[in-house]
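Here the structure is laid out as structure tokens; the discussion comes afterwards.
The values are calculated or read from the model by the stated rules, or taken from the named source; none is laboratory data. Quick caveat, the model's predicted, so the values are computed rather than measured. We place every Cβ from the backbone using ideal geometry, glycine too, and count neighbours over all the protein chains shown. Accessible surface areas use protein heavy atoms only, side chains included; no ligands, DNA or RNA. Shrake-Rupley method; radii C 1.70, N 1.55, O 1.52, S 1.80 Å.
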Amino acid sequence: MEGAQPGPGASSPPGEAAEVLLRGVFAQGPPPAPSCALSLTRGRQLHVERLGSAGPSAGLPLADCIGCRAAAGPQPGESGPVPAASFSVVCYPFQRGRWDAAPSRQRLVQTFRVCAAQDAEGNLRIAETWAGKIRELAAPQVPPQAGATHGLLPRPCHALLLLNPRSGTGQALQLFRSHVQPMLAEADIAFTLFVTEKPNHARELVRVEDLSQWDAVVVLAGDGLLHEVVNGLMERQDWDAAIKKPLCTLPGGSGNALAASINHYAGNPRAFKEELLTNCTFFLCKGLYAPMDLVSLSTASGKRLFSFLSFGWGFISDVDIASEKYRKLGNARFTVGTIQQLAAMQVYKGRLSYLPVETSSLSSSPRSPSAQNSHPGPCSNGHPLHILPQPSPGARQPPHAGSLPGDPLLVPFDQPVPKHWTVVPEEEFISIFAIYQSHLGADFTMAPAATLQDGSMHLFYLKAGVSRLALLKLFLAMEKGTHLDMNCPHLHYVPVRAFRVEPFASTGLMTVDGEPLACEPVQGQVHGQLCRIISGS
């Protein structure tokens, strides 16, 4: 009889995790579908044993489950004196693809027919009991990390979803309808969709909107739209509360660096395009959020920006901006841009200064800089002789500048950096790039040791004199994150807490989170765990 205790044959490993919370016998579909013995354990496993079969029982790890719903009434094609109920478990486990393709998340739905009670209401109660307990056990466990604020989105959940229809290859709206929207429905996440129509549209919205009606702010676009959102939140009067609203990035652009980084931090295989989008939507459906560092950037002209990904000047930034015209190519735009910039490789003159992360922190880093490519002690530090003009004392300040978090590690541009900083002796560079996440693109692993809240920027600078061939090899190695293993004498890497870049001339463009910035003196410092981001770890 359905709903009775299963017979012998179902066994669980010893220990508390194997404690069975619910047992039952249900059919997987209308008669004559086979019956299955189900057991739900405290170890977050749903064990399914097909009765009458000699094969082993199958297990559904609830870590892969995003939703479970109970439904009243018979399934299609079913008839009987007492209407049955059912519950459906929706999972996205990793499954091996064809040939030698890496595993990817694939949708798996298991529906179980409940016909144990003598009336329809009783069957629905049984189905709802199972569905509720499965949803409870499917919720991620919040990591008990001291000093780090992790959390879970509520269920049911209501999200503000911002979408740029022109990002990447222009397919963001179609991807939302085909991939994201169905998963949100399965996870019981409601949403308000806002399609941007112009640059800074999202920035203007989050700056003035009442955010209390939403539990999270979700961005489906490239990294540029999230840059707008972060800075719009920081321009609010209540910025300190607004910036703690959980954010989520769903890849719909060309680079999708933060999405690729979050996928990497979760320990997932490398993913691209729709697979990466499915992974990141899965994280949103699970609802776990973690703290993320932001970097405060100040310019000599008086601008102040907050950045979650990177700051760059030189070759890498030139590739990013110059390849914009090829965005219809997707991620291949960067390959085309790299080849073009190699042909016209420029040298950038300026001064780079930085505050290294303390030696005690570096000693535990798996990618600490080698002695060959690091500056172990501070260099002489005097006033620059031919830096770009400094701001006047009355330079315009950003909105609410007095209430925003201060930058205690930085000094005004008209003062030399503190004596305990390092000043790079060389003044000719191919590229200067500070990145705070592991990836600069889905196939561009620039800082493998980075995490969401490591309290540092990963500073790379490439001195002039490197050959085009050596530079090309470095970029090819970045696909696997092995560029530091090449021991290129021109490439230097050091984790820092703060930096200053002072160009000698307005040559080239700077970038912040992939967005263009006029070339001028810039300095920045890390603000640890300032915002919250949906993640898988």
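The table below gives the values:
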{"quantity": "Shape call, the stretch 92-171: gyration tensor on alpha carbons, a/c limit 1.5", "calculated": "prolate"}
{"quantity": "R23-D485 pseudo-label distance in nm [points 7 Å out on the Cα-to-Cβ vector]", "calculated": "5.1"}
{"quantity": "Charge sum, other residues only, whose C-beta stays under 9 Å from A257's C-beta, Lys/Arg counted +1 and Asp/Glu -1", "calculated": "-2"}
{"quantity": "FRET efficiency, N200 to A139 (Cβ-Cβ, R0 41 Å, nearest 0.05)", "calculated": "0.70"}
{"quantity": "Accessible area per residue in Å² at 1.4 Å probe, computed on the stretch 141-181", "calculated": "50"}
{"quantity": "Separation in nanometres of the label points that stand 7 Å from Cα toward Cβ, at A63 and A343", "calculated": "4.9"}
{"quantity": "Length released on extending from A477 to V109, taking residue separation times 0.36 nm less the Cα-Cα span", "calculated": "128.5 nm"}
{"quantity": "Cα-Cα over 28 Å, subset of K245/K480; K303/K419; K198/K244; K198/K303", "calculated": "K245/K480"}
{"quantity": "Residue-count net charge about E426 - beta-carbon cut-off 12 Å; Lys, Arg +1, Asp, Glu -1", "calculated": "+1"}
{"quantity": "Cut-off 10 Å between beta-carbons: net charge of the residues surrounding Y92, Lys and Arg +1, Asp and Glu -1", "calculated": "+1"}
{"quantity": "The stretch 124-181 - percent of accessible surface contributed by carbon and sulfur, probe 1.4 Å", "calculated": "53"}
{"quantity": "The stretch 471-537: C-alpha gyration tensor shape, a/c 1.5 cut-off, then a/b vs b/c", "calculated": "oblate"}
